[in-house]
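**Student:** Following this message is one structure expressed as structure tokens.
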Amino acid sequence: MGSEGIDLWKDYLRFHLIEHYASLLPKGVDSEDFGWYRTILSRMQEVPDPSKGAIAATNGALGQAVGQLYTQHLFFARS
């Protein structure tokens, strides 16, 4: 890792950040991501519904917190 320059690491991290959130970015970005990763590598035939990607991202970011609130409300609010 130390043999590579900081600019290369910035490019690497920027690429992976964009690639990770491609389904939530404008359609052109998602289409390019789909074209490469999903069509060529996974052989999928159509772009998934963007709302499903947004729901999955929200669940990934908030799933644990919402689950804790739900459990707290369901099991401890009735005491």
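The values are calculated or read from the model by the stated rules, or taken from the named source; none is laboratory data. Given the structure is predicted, the values throughout are model-derived calculations rather than measurements. Don't worry about glycine lacking a Cβ; one is built from the backbone with ideal geometry, like all the others, and counts go over all protein chains shown.
**Student:** Could you give every pair whose Cβ atoms fall below 6 Å, whose first residue belongs to segment 10-35 and is under 17 Å from ILE55 (Cβ atoms), and whose second residue is part of a helix (DSSP H, G or I) and of a type in the set (S, T, N, Q), counting only separations of at least 6 or pairs across chains?
**Tutor:** Listed pairs, sorted by first residue: ASP30/SER23.
**Student:** Those residues that are more than 23 Å from THR58 (Cβ to Cβ) and either touching a helix residue (DSSP H, G or I) at 6+ places or on another chain (Cβ under 7 Å) or surrounded by 11 or more Cβ atoms within 10 Å (Cβ to Cβ) (or both), I need them from segment 2-31; list them, please.
**Tutor:** Result: TRP9, ASP11, TYR12.
**Student:** Being in a helix (DSSP H, G or I) and modelled with pLDDT under 70 is the filter here; which residues of segment 38-73 pass it?
**Tutor:** Hits for segment 38-73 are ARG38, THR39, ILE40, LEU41.
**Student:** Against the definition (modelled with pLDDT of 80 or more, aromatic (Phe, Trp, Tyr) and at negative phi), how does PHE76 come out, yes or no?
**Tutor:** Considered against the rule, which asks whether it is modelled with pLDDT of 80 or more, aromatic (Phe, Trp, Tyr) and at negative phi, PHE76 comes out as yes.
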